[in-house]
1. Report every pair of residues separated by at least 6 positions or lying on different chains whose Cβ atoms are under 9 Å apart, first residue within region 144-172 and closer than 21 Å to Gly60 by Cβ and in contact (Cβ under 8 Å) with a residue 12 or more places away in the chain, second open to solvent by 70 Å² or more (accessible area, probe 1.4 Å) and in a strand (DSSP E or B).
2. Given the conditions (1) touching a strand residue (DSSP E or B) at 6+ places or on another chain (Cβ under 8 Å); (2) open to solvent by less than 60 Å² (accessible area, probe 1.4 Å); (3) modelled with pLDDT of 90 or more, report the number of the one that Ala180 does not fulfil.
3. Identify, from the list Leu133, Leu79, the residue that is within 16 Å of Ala175 (Cα to Cα) and either free of Cβ contacts under 8 Å to residues at least 12 places away in the same chain or touching a Phe, Trp or Tyr at 6+ places or on another chain (Cβ under 7 Å) (or both).
4. Going by the structure shown, is Leu140 modelled with pLDDT of 90 or more, assigned to a loop (DSSP other than H, G, I, E, B) and under 18 Å from the mean Cα position of the chain (by Cα)?
5. Take the residues in region 145-162 that are assigned to a loop (DSSP other than H, G, I, E, B) and either of a type outside the set (Gly, Ala, Ser) or modelled with pLDDT of 95 or more (or both); name whichever of them is surrounded by the most Cβ atoms within 10 Å (Cβ to Cβ).
Amino acid sequence: MRRRVLLLLCVALLAARGVRPQSHPNLLDPSTAPLGGLLGTPSPAPTGSARALIYLNRDGTLVAVVRRVPSPATPSEALAALVTGPTDREQQAGLASSVPPPWKLAPGSPFSGLVRVEIGAVSSTSSRNDEVLAFAQAVLTLTSLPDVKGVLFVRDGKALPVPRADGSLSALPVARSDYASLL
């Protein structure tokens, strides 16, 4: 019984010493954090008032990441956020991107719900799997927007056959379902 009373008294004394309230917030130096600033220096947070999902690669599986983009979130803004690649923090978490610049939205879509993406040459050093992941990242990112149902990839204005997750090629618009197995 005596031990319990002593233990409760110690806990009460420690609680009474607690952290005192401050009138204003104080910024802390990350290098003084426990474990020598284990979390490192954070990357600047993407700015914007709208949210867009971009898909990054982790060991062959695609993972959705929220990015802030200017409002309203448009296909052009979402694709630009994807092409920018992962932040430092995302890279530390094992996320990568297979989408090379200068992929960008091509002007004009022949049908509602379809966007066209103009791509440059795919690197000759990239593997077939990297190509599939790059196209999947773009399709999943763009079709996560409410009005986008499909993506047509073009080079010099002409439809480009692209690999789907099952290994087949399609010169027609591709959709989210073509890459669902990579999620």
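1. Listed pairs, sorted by first residue: Val162/Leu169; Pro163/Leu169.
2. Exception for Ala180: condition (1).
3. The match here is Leu79.
4. For Leu140, the condition - modelled with pLDDT of 90 or more, assigned to a loop (DSSP other than H, G, I, E, B) and under 18 Å from the mean Cα position of the chain (by Cα) - is not met.
5. Filtering region 145-162 down to residues assigned to a loop (DSSP other than H, G, I, E, B) leaves 145-149, 156-157, 160-161.
So of that shortlist, the ones also either of a type outside the set (Gly, Ala, Ser) or modelled with pLDDT of 95 or more (or both) come out as 145-149, 156, 160-161.
Details: Leu145: 18, Pro146: 9, Asp147: 11, Val148: 21, Lys149: 16, Asp156: 6, Leu160: 17, Pro161: 10.
Step by step, filter region 145-162, then rank; the result is Val148.
The values are calculated or read from the model by the stated rules, or taken from the named source; none is laboratory data. Quick caveat, the model's predicted, so the values are computed rather than measured. All Cβ positions, even for glycine, are placed from backbone atoms using ideal geometry, and neighbour counts span all protein chains on display. Keep in mind that these areas ignore ligands, DNA and RNA; they rest on the heavy atoms of the full protein, side chains included. Shrake-Rupley method; radii C 1.70, N 1.55, O 1.52, S 1.80 Å.
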